[in-house]
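The next block holds one structure in the form of structure tokens; read it before the comments.
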Amino acid sequence: STLVFKAMGKVFCLAGIDNHPVSCNVKCNPETAIELREMYAGVIPGYHMNKQHWNTIVFDGSFEDGLGRQWILDSYNLIVNSLSTKLKQELAQLP
């Protein structure tokens, strides 16, 4: 059972609802992905994902929860910034 979060049809976060501790996969730029893995034990290459562009973040106490939330937002922003101008305009019109 996996929750899939999308922006305009593009996936930016996947979270297993039965994972203990809680974890999710987030998109990340390749250089940052490596840096985060080196800095935090709870950040590992994306499970079942392209390891260059995805990290799995495990909320195991090895980093502040606020950082995890920021990485999810960063993932969302990577996806939104890659959208076409038309899709960005459509997204801006959503409530």
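Here is the figure for region 45-93: residues that are of a type in the set (Val, Ile, Thr) and open to solvent by 70 Å² or more (accessible area, probe 1.4 Å) total 1. The residues in region 2-32 that are in a strand (DSSP E or B), of a type in the set (A, V, I, L, M) and open to solvent by 40 Å² or more (accessible area, probe 1.4 Å) can be counted, and the count is 3. Candidates in region 59-95 are the residues that are in contact with a Phe, Trp or Tyr (Cβ under 9 Å, 6 or more places away or on another chain) and of a type in the set (A, V, I, L, M); of these, the one that is farthest from THR32 (Cα to Cα) is VAL80. For region 33-43, the set of residues classified as open to solvent by 70 Å² or more (accessible area, probe 1.4 Å) and not in a helix (DSSP H, G or I) consists of ALA41 only. Report the residue count in region 47-95 for those that are assigned to a helix (DSSP H, G or I) and within 12 Å of the chain's Cα centre (by Cα). Residues that pass the stated criteria total 13. Applying a threshold of 7 Å to beta carbon distances and a minimum spacing of six or more residues, or different chains, the list of pairs starting in region 1-25 at a residue that is over 17 Å from HIS53 (Cβ atoms) and aliphatic (A, V, I, L, M) and ending at one that is outside any strand (DSSP E or B) and open to solvent by less than 90 Å² (accessible area, probe 1.4 Å) reads MET8/LEU83; MET8/LEU87; MET8/GLU90; MET8/LEU91; VAL22/PHE59.
The values are calculated or read from the model by the stated rules, or taken from the named source; none is laboratory data. Computed from a prediction, not measured in an experiment: that's the story for all the values here. Neighbour counts are summed over all protein chains in view; Cβ atoms, including those assigned to glycine, are modelled from backbone coordinates with ideal geometry. Each accessible area value is taken on the protein alone, full model and side chains, heavy atoms only, with ligands, DNA and RNA left out. Shrake-Rupley method; radii C 1.70, N 1.55, O 1.52, S 1.80 Å.
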